[in-house]
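Undergrad: Following this message is one structure expressed as structure tokens.
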Amino acid sequence: MIDLRSDTQTRPTPGMRAAMAAAEVGDEQLREDPTVNELQRRAAELLGQEEALFLPTATMANQIALFCLGERGGELIAEERTHALVYEAGGPAVHAGLVVRGLRGDRGRISPDDLRRAAAGADAYQPASVVVLEQTHRSSGGRVWPLAELEATVACARELGLAVHLDGARLLNAQVASGVPAAAYGRLADTVTLCFSKGLGCPLGAVLAGSREIMARAWRCKLLFGGAMRQAGIVAAAALYALDHHVERLREDHARARLLAEGWARAGLPVDPDAVETNFVGIELAPLGLGEEEAKARIAAQGVLVSVLRPGVLRAATYLGITDEDVERAVEAVPRALAAFLART
Ligand SMILES: *Cc1c(COP(=O)(O)O)cnc(C)c1O
């Protein structure tokens with residue numbers, strides 16, 4: 001099977017496992033784990049913020065950020081398919097007491113006008129409170145917010161008195177794709193999440209970065225949410241290894257995603273190679289007249305696993321472990337799986 005469901009399918013490499021085995025550790029809850037401390041220092045710098053906090057997952061990082069930034073009973077504004085809105089089990093409502101207002105965006109982006117309209121719809125009793133922006137934006141296919149557009153939307157949020165969280169789970173994919181350093185995006189927000197268990201290839205781990213003052217509150221939340229750990233340097237060592245060895249190689253994932261998209265488009269699949277900016281390829285199902293489950297099953301029968309990007313669109317993701325040969329085989333196999341439906345496009 002060629003598993004293109006998600007970049008979470010990475011396995012720790014031998015080099016990463018060796019780094020984990022050799023990690024110097026201590027009690028993280030006492031802030032005595034030197035490897036965690038080193039990771040937090042490097043992550044803060046990488047994300048353009050004063051401090052960073054190591055956490056088990058990016059979901060927890062997002063939820064702690066919203067807990068720290070949001071006002072209970074206030075509104076969380078975000079593009080409607082933002083991860084924190086649709087894949088975090090209602091966390092913004094459950095943990096932070098936020099009312100979610102999802103906006104229709106363009107490639108995952110919301111404009112200053114979108115924000116102004118949304119904020120005008122709130123009132124003093126249910127005030128607009130916090131905005132979440134996602135870079136890269138998962139559900140639009142790993143699209144990259146251009147820096148100037150992100151700056152304009154953040155500036156508007158500031159004008160409106162809203163806090164800003166940047167879900168940069170795949171921020172390093174954006175860095176590699178755009179050539180803009182992660183810190184240039186990260187410094188715009190109050191808090192920034194980075195995930196290590198996606199394209200970076202770690203078994204788990206994420207960081208939340210922000211100002212010293214917000215991170216002091218976030219530290220308390222780390223205990224509150226059950227995310228304070230012990231000899232977590234074992235895992236932080238994997239993240240440090242990834243920062244040293246797995247960032248530039250994201251370029252290879254992006255190139256392979258592009259090859260997949262071009263191959264599938266040539267074979268007549270409803271795929272837009274120009275929409276592939278990072279490591280996801282979207283396959284539109286409406287032109288094929290196929291449902292998600294049937295399409296996935298037909299593709300699986302030809303030896304390739306894919307997942308759902310958003311309703312009506314399948315996702316193929318490239319990552320560490322997907323080779324050129326896998327790409328060549330998938331370029332053949334997926335059109336073969338859908339051949340009977342291609343005539344309709
Ligand atoms: C995967 C993902 C998360 C959550 O990461 P976990 O470490 O799996 O909790 C958050 N935001 C985005 C955009 C993601 O893709």
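Undergrad: What do you get for Rg/Rh over the stretch 89-134 if you use C-alpha atoms and the Kirkwood form of Rh? Write out the running numbers ahead of the final one.
TA: Working: Rg = 11.4 Å, Rh = 11.7 Å.
Dividing the radius of gyration by the Kirkwood radius yields 0.97.
Undergrad: Where only protein heavy atoms count, and the probe is 1.4 Å, what is the accessible area per residue for the chain in Å²? Write out the running numbers ahead of the final one.
TA: Values: 13760 Å² over 345 residues.
On a per-residue basis, 40 Å².
Undergrad: Test of understanding: express the Cα radius of gyration of the stretch 26-158 as a ratio to 2.2 N^0.38 Å, with N the residue count. Don't jump to the answer; show the numbers that get you there.
TA: On the way: Rg = 16.1 Å, N = 133, 2.2 N^0.38 = 14.1 Å.
Computed over Cα atoms of the stretch 26-158, the ratio equals 1.14.
Undergrad: Here's a follow-up. Restricting the calculation to Cα positions, tell me the Rg (one decimal) and the Dmax (whole number) of the chain in Å.
TA: 20.3, 63
Undergrad: Something else about it: For the stretch 101-180, build the convex hull from the C-alpha positions and give me its volume per residue in Å³. Don't jump to the answer; show the numbers that get you there.
TA: Details: hull volume 6.7 nm³, N = 80.
Considering the Cα atoms of the stretch 101-180, their hull volume per residue is 84 Å³.
Undergrad: Additional query: Based on alpha-carbon centroids, what's the gap between the stretch 94-137 and the stretch 314-345 in Å, whole number please?
TA: Comparing the Cα centres of the stretch 94-137 and the stretch 314-345, I get a distance of 36 Å.
Undergrad: Okay, next question. Helix 324-337 versus the longest principal axis of the chain: what angle, 0 to 90°, nearest 10, using Cα atoms?
TA: 60 degrees
Undergrad: Using all Cα-Cα distances in the stretch 227-345, what percent lands in each 10 angstrom bin from 0 up to the longest?
TA: Percent of Cα pairs in each bin: 13, 41, 24, 14, 7, 1.
Undergrad: Which of the GluC sites (Glu not before Pro) across the stretch 18-51 are loop residues per DSSP, with 16 or fewer other Cβ within 10 Å? Mind dumping the intermediate values first?
TA: On the way: sites: 24, 28, 32, 38, 45, 50, 51; in loops: 24, 32, 50.
Of the GluC sites (Glu not before Pro), the ones in loops of the stretch 18-51 whose Cβ has at most 16 other Cβ atoms within 10 Å are 24, 32, 50.
Undergrad: Right, something else. Considering every pair of different Cα atoms, what Kirkwood radius, in Å, is found for the stretch 136-285? Don't jump to the answer; show the numbers that get you there.
TA: On the way: mean 1/r = 0.0586 Å⁻¹.
The answer is 17.1 Å.
Undergrad: Here is a follow-up. Ranked from the most accessible area to the least, with a 1.4 Å probe and all protein chains present, what is the order of 198, 222?
TA: Details: 198 30, 222 0 Å².
Largest to smallest exposure gives the sequence 198, 222.
Undergrad: Shifting gears a bit: Name the shape class, rounded, prolate or oblate, that the alpha-carbon gyration tensor gives for the stretch 1-59, where a ≥ b ≥ c are the square roots of its eigenvalues, rounded holds for a/c under 1.5, and otherwise prolate holds if a/b is larger than b/c and oblate otherwise.
TA: Numbers: a/c = 2.39, a/b = 1.49, b/c = 1.60.
Verdict is oblate for the stretch 1-59.
Undergrad: Where the accessible area of the chain is counted over protein heavy atoms with a 1.4 Å probe, how much of it, in %, is carbon and sulfur?
TA: Details: 6980 of 13760 Å².
With neighbouring chains kept in place, the figure for the chain is 51 percent.
Undergrad: Expressed in nm to one decimal, what extension gain is obtained for the pair residue 45 and residue 245 from 0.36 nm per residue of sequence separation less their Cα-Cα distance? Walk me through the numbers on the way to the answer.
TA: Numbers: separation 200, 0.36 × 200 = 72.00 nm, distance 1.74 nm.
Contour length minus Cα-Cα distance gives 70.3 nm.
Undergrad: Let me ask you something else. Please report the spacing between the Cα centers of the stretch 262-290 and the stretch 153-229 in Å, no decimals.
TA: 30 Å
Undergrad: When you count, for each residue, the other Cβ atoms within 10 Å and take the mean per peptide, how do 52-61, 239-248, 314-323, 164-173 rank with the highest first? Don't jump to the answer; show the numbers that get you there.
TA: Numbers: 52-61: 24.5, 239-248: 20.3, 314-323: 23.0, 164-173: 26.8.
Answer by packing, highest mean first, reads 164-173, 52-61, 314-323, 239-248.
The values are calculated or read from the model by the stated rules, or taken from the named source; none is laboratory data. Values in this document were obtained by computation on a predicted structure and should not be read as measured data. A quick note on method: Cβ atoms are made from the backbone with ideal geometry, for glycine too, and the neighbour counts reach across all protein chains shown. These accessible areas exclude ligands, DNA and RNA; they are computed on the full protein's heavy atoms, side chains included. Shrake-Rupley method; radii C 1.70, N 1.55, O 1.52, S 1.80 Å.
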